[in-house]
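The values are calculated or read from the model by the stated rules, or taken from the named source; none is laboratory data. These numbers were taken from a predicted model, which means no experiment stands behind them. Neighbour counts run over all protein chains shown; Cβ positions are idealised from the backbone, glycine included.
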Amino acid sequence: MAMIGIDLGTTNSLVSVYRNGHPELLPNEWGQFMTPSCVGVLEDGAVTVGAVARERLITHPGETAASFKTWMGTQKEFLLGGKTFLPHELSALVLRKLAQTAREALGEEIEEAVISVPAYFNDNQRCATRLAAQLAGLPVKRLINEPSAAALYHSHAAHQQEQRLLVVDFGGGTLDVSVVDCFENMVEIVAIAGNNRLGGNDIDRAIASYFCDQTGLSWPNLAPQQQRQLLALAEKGKIGLSRMRDRGCILACQIDGETRSVPLDGETLRAICQPIFRQVKEVIVRAVRDSGIPISAISDVVLVGGSSQLSVFVDYLEELFSKRPTLAKHPEHTVALGVGLCAGIKQRSAGLQDIVMTDVCPFSLGVAACNDVQDANPHMATLIQRSSILPARRTERFFTLANNQRHIRLAIYQGENYYAADNLLLGELSVSVPPDEAGKQSAAVTFAYDINGILEVTAESSGGDRRRTVILNPRLNWSEEEIARALERLNALPDQSLPQEEDLLLLSRAERLFAQLSDRRREEAAGIIQCLTQALQSGSPIRLAQERERLRRHLEDLEAWAQRDIWGEPYIEDEEDML
Ligand code: ADP
Ligand code: MG
């Protein structure tokens with residue numbers, strides 16, 4: 001029985017394990033560590049998770065979902081091929097796929113999983129993550145904050161005795177910043193701040209919108225398929241620019257039968273990203289301020305997450321800190337390796353027993369309180385301050401405001417705003433008190449926030465009435481029966497079988513290339529789709545194997561072409577004809 005670590009990302013998810021003295025990533029059936037967090041429903045109603053679904057985002061936008069993690073904890077419905085899914089159900093399908101990857105790679109069953117979540121995930125979002133794990137049949141006791149996992153791995157791998165780090169995790173949909181104190185075998189998260197609606201996706205959108213401005217297109221008027229196509233083009237240009245920073249590129253795309261192209265260079269990209277970077281700076285400033293540590297005392301700025309590979313981003317941070325940040329070796333792997341390490345610590349692996357990690361509460365927690373009976377707009381009486389070390393526990397007493405008041409009602413909030421109503425309402429609790437003069441009777445309220453980010457509130461009145469509540473989103477706090485029903489529904493979804501998946505990926509890639517390319521190359525992509533379909537229908541495994549290899553090579557050539565035609569050289573519709 002194995003203990004695994006899971007980085008359930010907005011864009012990509014990874015699974016890791018601690019063995020042979022270090023955390024290791026486990027490869028999926030494609031030999032890759034990153035499984036795209038995408039879910040698709042195929043024509044026959046079967047569900048596909050990962051690379052195939054990612055390919056189908058452009059060609060089948062109505063049957064494919066991505067970035068659903070940004071909706072965790074809400075009731076937003078995703079309609080995929082006529083079936084509706086909630087964000088935690090889609091996440092459950094991703095988790096189930098990762099569990100399968102782990103089982104196959106390890107050859108054993110999974111005993112328990114540690115899952116990372118963005119530090120800024122509130123209570124609802126954490127509960128939704130646990131529910132997703134439950135629906136995927138994964139026992140999860142521990143959630144770890146993503147920046148804490150990244151910091152844990154970095155400090156462990158750096159072998160340095162004493163460090164103060166600022167860890168910036170810039171992913172596809174979220175930004176997390178943490179200030180970490182490392183001393184011998186202790187890793188102390190001093191402060192965390194984040195924005196769970198800011199990431200590489202926003203850069204893609206900004207580039208796509210720039211493309212529209214420059215070519216006279218109107219983004220809202222584009223069809224979903226065209227929007228996805230433009231976003232994919234923007235992402236490709238962005239990644240290309242970060243790899244070959246000194247060369248500009250040309251974004252070219254065929255929309256409504258017309259090829260439109262826009263040049264993009266580092267300077268333009270930086271101008272496009274400026275509003276996004278400004279928001280990144282705000283989060284960094286908040287984390288550093290909360291930590292109480294002066295900027296000059298920070299020994300290193302460590303960058304993790306896919307988007308931190310963007311060279312204009314690294315340059316921006318270099319100017320901000322007047323020193324070059326350290327880009328992790330594989331910035332997209334750091335969190336998952338940290339979660340693997342955490343799994344190792346949890347199973348008390350040799351060499352890890354004495355690592356101590358402390359984490360902090362990312363937001364303030366309190367109750368709504370009034371100053372007197374006339375007070376119509378209650379303020380937030382904070383019991384647990386943001387950045388308190390976990391586990392945190394505090395008790396405070398609240399008194400009656402009116403004569404003969406029979407109940408003390410406690411509305412529990414999370415957030416940093418002065419007025420309670422401006423914060424997030426987590427739950428309510430009420431205790432009864434004996435009739436008396438105002439201010440004579442009271443309730444002692446205790447908040448206990450544990451390392452997994454679960455809040456427990458207890459209230460005991462002077463009249464002896466005692467109530468306890470564990471804060472869970474009422475709508476996510478499902479009964480056993482509801483969970484069983486959801487499980488039945490997910491289990492009834494046919495899975496595509498593995499050998500099929502390989503061909504499906506080829507087909508989906510060809511379909512995407514068909515959508516992206518034009519003229520002769522588009523026909524070549526169509527040819528590949530036809531050949532593969534025929535080989536599949538022929539039912540001959542030998543023919544299929546032969547065709548598969550040939551078509552794969554052909555697809556790779558086309559892919560190389562698709563990558564190249566946005567690069568450096570001026571965009572020429574058909575280069576060979578010019579030679
Ligand atoms: P998440 O944690 O949200 O799952 P990742 O850490 O895997 O995300 O990062 C995904 C994001 O990184 C995407 O927005 C992707 O476009 C971006 N990305 C990946 N490679 C690069 C690169 N070389 N340059 C810039 N951005 C990149
Ligand atoms: Mg991530």
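Is it the case, given these coordinates, that Asp202 is of a type outside the set (A, V, I, L, M), without any contact (Cβ under 8 Å) to a residue 24 or more places away in the chain and not in a strand (DSSP E or B)?
So Asp202 fails the test.
What pairs can you find where one residue is in the range 486-506 and under 17 Å from Ser91 (Cβ atoms), the other is modelled with pLDDT of 80 or more and loosely packed, with under 14 Cβ neighbours inside 10 Å, and their Cβ atoms are less than 9 Å apart, with a gap of 6+ or different chains?
Listed by first residue and then by second, the contacts come to Leu493/Gly45.
Sort out which residues of the range 168-192 are more than 16 Å from ligand 2 (Cβ to nearest atom) and part of a strand (DSSP E or B), and write them in order of number.
Val179, Val180, Asp181, Cys182, Phe183, Met186, Val187, Glu188, Ile189, Val190, Ala191
What are the residues in the range 11-42 that are among the small types (Gly, Ala, Ser) and within 16 Å of ligand 2 (Cβ to nearest atom), if any?
Ser13, Ser16, Ser37
If Leu233 meets every condition in (1) away from ligand 1 (no atom under 16 Å from the Cβ); (2) under 18 Å from Ile272 (Cβ atoms); (3) at pLDDT below 95 apart from one, which number is that one?
(1)
Any residue in the range 229-252 that is part of a loop (DSSP other than H, G, I, E, B) sitting within a Cβ distance under 6 Å of a residue that is within 10 Å of ligand 1 (Cβ to nearest atom)? List the pairs, counting only those 6 or more apart or interchain.
Arg245/Ser311
Can you tell me which condition Asp265 does not meet? The list is (1) more than 28 Å from Arg520 (Cα to Cα); (2) more than 16 Å from ligand 1 (Cβ to nearest atom), and all the others hold.
Just one mismatch for Asp265, condition (2).
Which of the residues that make up the range 418-450 are in a helix (DSSP H, G or I) and small (Gly, Ala, Ser)?
Quick first cut of the range 418-450, residues in a helix (DSSP H, G or I) only: 420-422.
Matches in the range 418-450: Ala420, Ala421.
Show the residue pairs that are 6+ apart or on different chains and have beta-carbon atoms under 6 Å apart, the first residue being within the range 302-323 and more than 17 Å from Arg164 (Cα to Cα), the second being charged (D, E, K, R) and within 8 Å of ligand 1 (Cβ to nearest atom).
Gly305/Asp169; Gly306/Glu332
I'd like to verify a number: residues in the range 314-368 that are within 16 Å of ligand 1 (Cβ to nearest atom) and either part of a strand (DSSP E or B) or touching a strand residue (DSSP E or B) at 6+ places or on another chain (Cβ under 7 Å) (or both), how many?
Qualifying residue count, the range 314-368: 14.
Looking only at the range 216-237, count how many residues are over 25 Å from the mean Cα position of the chain (by Cα), on the phi < 0 side of the Ramachandran plot and not hydrophobic (A, V, I, L, M, F, W, C). Full working, then the answer.
At the first step, the residues of the range 216-237 found to be over 25 Å from the mean Cα position of the chain (by Cα) are 216-223.
Still in the list and also on the phi < 0 side of the Ramachandran plot: 217-223.
Cutting the leftovers down to not hydrophobic (A, V, I, L, M, F, W, C) gives us 218, 220-221.
Summing the residues that are over 25 Å from the mean Cα position of the chain (by Cα), on the phi < 0 side of the Ramachandran plot and not hydrophobic (A, V, I, L, M, F, W, C) in the range 216-237 gives 3.
Condition check: more than 16 Å from ligand 2 (Cβ to nearest atom) and assigned by TED's automatic domain parsing to the domain that holds Gly351. Does Ala208 satisfy that?
Considered against the rule, which asks whether it is more than 16 Å from ligand 2 (Cβ to nearest atom) and assigned by TED's automatic domain parsing to the domain that holds Gly351, Ala208 comes out as no.
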